[in-house]
1. Between a first residue in the range 54-69 that is in contact (Cβ under 8 Å) with a residue 24 or more places away in the chain and a second residue that is part of a helix (DSSP H, G or I), which pairs have beta carbons less than 8 Å apart while being 6 or more apart in sequence or on different chains?
2. How about the range 1-58: which of its residues are at pLDDT below 85, part of a strand (DSSP E or B) and touching a helix residue (DSSP H, G or I) at 6+ places or on another chain (Cβ under 6 Å)?
3. So, in the range 61-78, of the ones that are small (Gly, Ala, Ser) and assigned to a loop (DSSP other than H, G, I, E, B), which residue ends up modelled with the lowest pLDDT?
4. Looking at the range 29-63, which of the residues that are of a type in the set (Lys, Arg) and more than 15 Å from Asp10 (Cβ to Cβ) is nearest to the chain's Cα centre (by Cα)?
Amino acid sequence: MTTTHTKAADLASECAWFKSSYSSGAEGNCLEVAELATDIAIRDSKDKKGPGLVFPKTSWAAFTAGVRADALGTRLSA
């Protein structure tokens, strides 16, 4: 898998970024996601102008499916 690392502000417009509906933001541990043409970008919600990571949509889909299936060994609380 190839990832690229660049400034999040250069990846997508501010209105393209969103947080999970499960994120309360109270703990300050939130990621924001932006859907690009063929990729998914993520950034730290506390550092919107900081670095962002880009993953192929297929890799992101596999990761999120693994989280939902608890394949990573961590149980998420809803």
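1. Val54/Leu11; Phe55/Phe63
2. Of everything in the range 1-58, nothing turns out to be at pLDDT below 85, part of a strand (DSSP E or B) and touching a helix residue (DSSP H, G or I) at 6+ places or on another chain (Cβ under 6 Å).
3. Of everything passing the filter in the range 61-78, Ala78 is modelled with the lowest pLDDT.
4. Only one residue tops the list, namely Lys57.
The values are calculated or read from the model by the stated rules, or taken from the named source; none is laboratory data. It should be emphasised that the depicted structure is a prediction, and the values quoted were computed from it without experimental measurement. As a convention, Cβ positions derive from the backbone with ideal geometry for all residues, glycine included, and neighbour counts pool all protein chains shown.
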